[in-house]
1. In square nanometres and to one decimal, what's the mean projected area of the convex hull around the Cα atoms of chain A?
2. Any idea what log10 I(q)/I(0) is at q = 0.07, 0.08, 0.09, 0.10 Å⁻¹ for the protein assembly as shown, Debye with uniform C-alpha scatterers and no solvent?
3. Quote the accessible area belonging to residue B:149 in square angstrom, nearest 10, computed with a 1.4 Å probe and with ligands, DNA and RNA left uncounted.
4. Can you tell me the orientation of helix B:62-78 relative to chain B, as the angle in degrees between its alpha-carbon axis and the longest Cα principal axis, to the nearest 10?
5. Hey, what's chain A come to in accessible area per residue, 1.4 Å probe, Å²?
6. Once you put a point 7 Å from the Cα of residue A:151 and another 7 Å from the Cα of residue A:202, both along the Cβ direction, what distance in nm separates them?
7. I'd like the interface area for chains B and A: accessible area of each alone minus the complex, both sides summed, 1.4 Å probe, protein heavy atoms only. What is it in Å² to the nearest 100?
8. Run the quick spin-label model on residue B:30 and residue A:55: label points 7 Å from Cα toward the beta carbon, then report their separation in nm to one decimal.
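The values are calculated or read from the model by the stated rules, or taken from the named source; none is laboratory data. Predicted model only: the values in this text are computed from it and were never measured. Here the Cβ positions follow ideal geometry from the backbone for every residue, glycine too, while neighbour counts run over all protein chains shown. Keep in mind that these areas ignore ligands, DNA and RNA; they rest on the heavy atoms of the full protein, side chains included. Shrake-Rupley method; radii C 1.70, N 1.55, O 1.52, S 1.80 Å.
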Amino acid sequence: MDISTLIAGLLTIAILTFLYRDNPIYKFAEYLLVGVSIGYALVIAWTSTMMDLLFEPLAGGKFSLIVPLTLGLMIFARMVPRFSPLSRIPLAVLIGSGAGAAIPAMLGPRILTQMSDTVGNVVGTGAGPSFSGIVVLIGLLATLSYFYFSRPHQGALGLSAKIGTYFLMVFFGATFGYTVMSRMSVFIGRAEFLLSDLLGFMK
Amino acid sequence: MKLEARHWTFVGLLIVVVGAMLLGVRPDVTISDETQRMFEYIDSLPEGSVLIYSFDHESSSLPEIRPAALALVRHSFSKGHRIIGVALLAEGTGIGYRLMEMAASESGRQYGRDWVYLGFKPQYIAAILSMGESIEKTFPQDYFGTPYDSLSMLSGVVNYQQVAGVVSIGDGNMAVHWIEYGQSRFGIRISSAMTAAMVTTYDPYISSGQLHALIGGLRGAAEYETLLKIGGGGQRGMLAQASAHIYILLLILAGNVIYFVSRRRRD
């Protein structure tokens, strides 16, 4: 067994001690995890962003990078009240470019294609509407009606909203079931590591 | 040391999981359509096809996602595909490299000729868009600092047009970004191996064909290993997972019975 396996095994056990109650061993492992994660991410970000994309190209004569460097430094103007309005300029660039890239990209795949697929499963195929397509369409309309708050949920709208809540419950139940499965998988993964790599009970 | 009810619940779960793992029994697994599609997709690509594997997850989901990722990379190498590894989340960088390096050494694949690892790129949306224009401009050098044009495998690989598909190994919304910015804008085929908790989020994308195929969690890994006819972490964990689920169902049942009985006595 190498030293890294031993450290990983001991830290896994340290984290699992939380199942009894909060304790200093768990706290130590938790803080170590947070510290190492942040340190690792900082080093990766520094080398792959600041060095690779900024300082090295600048040293190589790519002086156009002074513009994003200046914008980046202007963010820190927020720390000096007198110059804090300057920090709004890089934020405006970030939000503007981010929204410009995101809105059309999201509108198509998330809304238009999904709407097309939902309706297409009912009316768009030569073989006629599929049962699951009809259920999905009813679920979509009923769920949307639940989130329509401009009129009281009474009469037909109330019935539709109530059906919508059932569809939501099914979704939450399925998602929760998958989440339980996911958490169990993580535990099984660590249990397998402890039994095989650390203790050698399994091959 | 005072043990409360929840402690006994945990002890019970530990006994169930460890006991099931030590039994070493591998139950039969029914293959889902999504996993079958993923297998057929990887299996049907011509030898020498270029695939991008994007390690878009954090270390906390490694125990769940590693068996699926390993099975996929092993399958790709066995079919003679060339793989470009990237990471769009910082924590996935080292994990992705170690996993690919392990699978490559098992199958005798050579770095630079059969696979490369380009490492991490911040700002994932910008990275996905930029790779659609030029992978070399996005990653001028690989994980070790070797210039892009010095890696023989990447000769002629300019952007997504020379890539057969992207497989996002993820634990969050990164596959959605691949769909929105990669598939929607550049037409690149997106598939994913993801944690089970994310599967319901991606069902609509599977239905619409925006996501070509997916492997969900440990169960998906077990299905894929079954199709590959190899053993792995997915199959090893299946009995433990099934046993843990039955244990939880019994707890829910017992909890409800106790609740209704105690309410009746109170009334």
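1. Values: hull surface 94.5 nm².
Its Cα hull, projected and averaged over all orientations, spans 23.6 nm².
2. For the protein assembly as shown, the Cα-only Debye profile gives -0.45, -0.59, -0.75, -0.92.
3. 120
4. Taking Cα atoms only, the helix is inclined about 40 degrees.
5. Numbers: 13550 Å² over 203 residues.
For chain A, the solvent-accessible area averages 67 Å² per residue.
6. With each label point 7 Å from Cα toward Cβ, the separation is 5.7 nm.
7. Numbers: alone 13480 and 15450 Å², together 25180 Å².
Buried area between the two chains comes out at roughly 3700 Å².
8. 5.7
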